[in-house]
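Chemist: The structure under discussion is supplied below as structure tokens; questions concerning it will follow.
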Amino acid sequence: MLSTIALFASSRRHGNTGAVLDKIAAELRFEIVDLSESNVTPYDYAHANRADGFEPLMRKLLGRDKIVFAAPVYWYSVPPHMKSFIDRLTDLLEIPDLREQGRQLRAKRAFVVATSGIDQISPAFISMFRDTFAYLSMQYCGHLHVNCDGGYKNGIGESDIEAFKALLRGQ
Ligand SMILES: Cc1cc2nc3c(=O)[nH]c(=O)nc-3n(C[C@H](O)[C@H](O)[C@H](O)COP(=O)(O)O)c2cc1C
């Protein structure tokens, strides 16, 4: 799916979230960007970090229709690399020559893939994404959450994973 790209953040690439995302990406054939390798530095009020990896990554994302945000729940929130990326979206609202990119985000469809240690996804975690997408006028299309208590193993959350793949294909 050339029109899809996933942004991935976790403290381990091949942990639970990575395994779930890899499974989906292998079948639907979309690219995964590991934010820990993307040199997206934290938000800077002075915008002195414009030469880091954020702007090249944004140009890449804006070439796709669907963006999958994949992360584990860490303390009801996202891991630091995902938070830095989301904070940096502020640049698109503040820096005059990036505002057009901010407007282009409005056409994008957003999805969330999350793992955690309990059955229900943390309301705080998913609200952060939903509210951010709404603020940016992105279209939030839905999420996949897999309880990986005890570690992800093939077969866990299978029906939810299948439903998510169908959602991603169909949008
Ligand atoms: C630092 C840390 C914080 C966590 N916080 C939560 C939490 O708030 N709620 C929860 O259900 N699970 C929590 N977990 C469990 C992880 O969400 C779960 O094991 C997840 O599948 C890990 O994915 P990963 O292998 O990609 O890191 C936490 C795990 C870690 C390491």
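The values are calculated or read from the model by the stated rules, or taken from the named source; none is laboratory data. As the structure is a prediction and not an experimental result, all values here were calculated from the model. Methodologically, a virtual Cβ is constructed for each residue, glycine included, from the backbone with ideal geometry; neighbour enumeration extends over all protein chains shown.
Chemist: Which of (1) of a type in the set (A, V, I, L, M, F, W, C); (2) over 22 Å from SER36 (Cα atoms); (3) free of Cβ contacts under 8 Å to residues at least 40 places away in the same chain; (4) surrounded by fewer than 16 Cβ atoms within 10 Å (Cβ to Cβ) does TRP75 not meet, given it meets every other one?
Modeler: (2)
Chemist: Suppose we keep only residues that are among the charged types (D, E, K, R) and more than 14 Å from LEU144 (Cβ to Cβ) within region 1-25. Which one would you say is farthest from the ligand (Cβ to nearest atom)?
Modeler: ARG13
Yes or no, residue by residue, for (1) within 14 Å of the ligand (Cβ to nearest atom); (2) more than 16 Å from the chain's Cα centre (by Cα); (3) modelled with pLDDT of 95 or more; (4) over 30 Å from ASN154 (Cβ atoms):
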position	(1), (2), (3), (4)
ALA46	no, yes, yes, yes
ARG64	no, no, yes, no
ILE67	no, no, yes, no
PRO72	yes, no, yes, no
TYR76	yes, no, yes, no
PRO80	yes, no, yes, no
ILE86	no, no, yes, yes
GLN101	no, yes, yes, yes
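Chemist: Going through region 140-152 one residue at a time, which ones are without any contact (Cβ under 8 Å) to a residue 60 or more places away in the chain and either within 15 Å of ILE118 (Cα to Cα) or among the β-branched types (Val, Ile, Thr) (or both)? Don't jump to the end; show me each part of the working.
Modeler: Applying the first criterion (without any contact (Cβ under 8 Å) to a residue 60 or more places away in the chain) to region 140-152 yields 140, 142-143, 145, 147, 149-150.
Within region 140-152, HIS145, ASN147, ASP149, GLY150 meet the criteria.
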